[in-house]
Structures are given as C-alpha cells and as structure tokens.
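Trainee: One structure is given below, represented as structure tokens, and several questions about it will come after.
The values are calculated or read from the model by the stated rules, or taken from the named source; none is laboratory data. Bear in mind the structure is a predicted one, so any value in this text is a computation, not a measurement. Cβ atoms come from the backbone with ideal geometry, glycine included; neighbour counts cover every protein chain shown.
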Amino acid sequence: MAVKPKRQPGRPSTGARERVVAAARDLFLEREYDDVSTEQILDRSGVSRGALYHHFPTKLDLFRSVYEASERGVLERVAAAALDAADPFEALLLGASAYLKLAESDEELRRLGLTQSRAVLGWSGWREVAADLGIGVIRAMVEAAIDAGQLKPHDPETTAHILLGALIEAAMLIVVADDPPTARQQSEQVIDDLLRGLRTQR
C-alpha cells in the first residue's frame, strides 16, 4: 500500500506548488471540477492547507494553473512536430496536424484543454488563457512563413488569431464527434486548404 506524504505545518516547502498542480491535474482528469474537493487535493499532494492557499487562494486559481501547464505541454509537442519541417510553411502544416491529432487521441487535451476548461473558466477566461499561450507560437510561425515569402503579407497578429480560432473549433469538432478519426481527417483537410489559400503564388 502506497504511503501518502505527510503534510508539514508552517512555511510552504520547496516543490509544494508543483505537487499541488500535479495532484490537481490527476484529480481533474479523473472527475469533474465540482466533484474535486480541497481535501482530496491535500490528500493527493501531501502538502499542508496553508501551503495550498499560499500558492492558490481558490480552487479556480488552481484549476487555471493546471490548465495553463497542460496547454504549455500541448504547445511543446506541437512545436516539436514542426521541427521536422523543411521550411516555415511546412512547419505550419505539421504543427496544425499535430494539434488535431492530439485532439483525437490525447485525453488530457480533450478533457482539460478543450472541454472542462471552457465550463470552469467560462468563455472569456478560457479564451484568455488559450490565446495568451497559443497566439505567440502561431504568430512566430506565421511571421517566419511571411519572411520566407511563403505566406501572403497579412498582419501576423490577425492571421495568428484567425488560424488559432479555426484550429480550436476544428479540435472541438473532433472531441464531440461520434467518429473522432474521421472528424480529424475531415478537419485536417479543411485546415490544410485554409493554410494553402494563404500561401503566396509561385
């Protein structure tokens, strides 16, 4: 039988924040936000109540941090997939494809990033986090493709926002589909055509 780490009173210990986020992530993957209690998070993480509230005054603050950490992990995997590209435009195609494949197969993205986060944070709160994290990555890829003469020179910020919106909606279609693999293939074809429509004529 696994021994739970003993909670220590007093000053928050090193690594307490990380343990709380990791414990909460696991719990939010297992059950709905409203079904996760502070006591369960304390038991799973092994930190004191004081340490928990030192880092996260409310459960909503904790969920937001869990969501942000999850989104960063998704972006790292998308960026890694784009590293195999021969040029900036192909990097956009590979990154988009990687994101949609994760929407099909990755339970953390499906449950936390695309479903539970919207319900818990509300539309504006969810969009704020999604945009803050995703826009920078997409904008950098768009700017690289424009600089390479591969994308039409539209405003990079506007282009990035529109592409991110299209990718998120495509991912949501995949999440709610009865046949996620087919939904992913169909969505990927549309996103591919959208990107190719922005490409400069050669």
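Trainee: Which ones in segment 107-154 are among the charged types (D, E, K, R) and either assigned to a helix (DSSP H, G or I) or assigned by TED's automatic domain parsing to the domain that holds D35 (or both)?
Mentor: Residues satisfying the conditions are E107, E108, R110, R111, R118, R127, E128, D132, R139, E143, D147.
Trainee: With touching a His at 6+ places or on another chain (Cβ under 8 Å) and within 18 Å of V78 (Cα to Cα) as the only criterion, which of I168, I135, I174 stands out?
Mentor: I135
Trainee: Further question on the same structure: How many residues are within 21 Å of R77 (Cβ to Cβ), at pLDDT 95 or above and surrounded by fewer than 20 Cβ atoms within 10 Å (Cβ to Cβ) if we restrict to segment 144-165?
Mentor: Within segment 144-165, residues that are within 21 Å of R77 (Cβ to Cβ), at pLDDT 95 or above and surrounded by fewer than 20 Cβ atoms within 10 Å (Cβ to Cβ) number 1.
Trainee: Keeping to segment 80-104, report how many residues are charged (D, E, K, R) and at pLDDT below 95.
Mentor: Number satisfying all stated conditions: 1.
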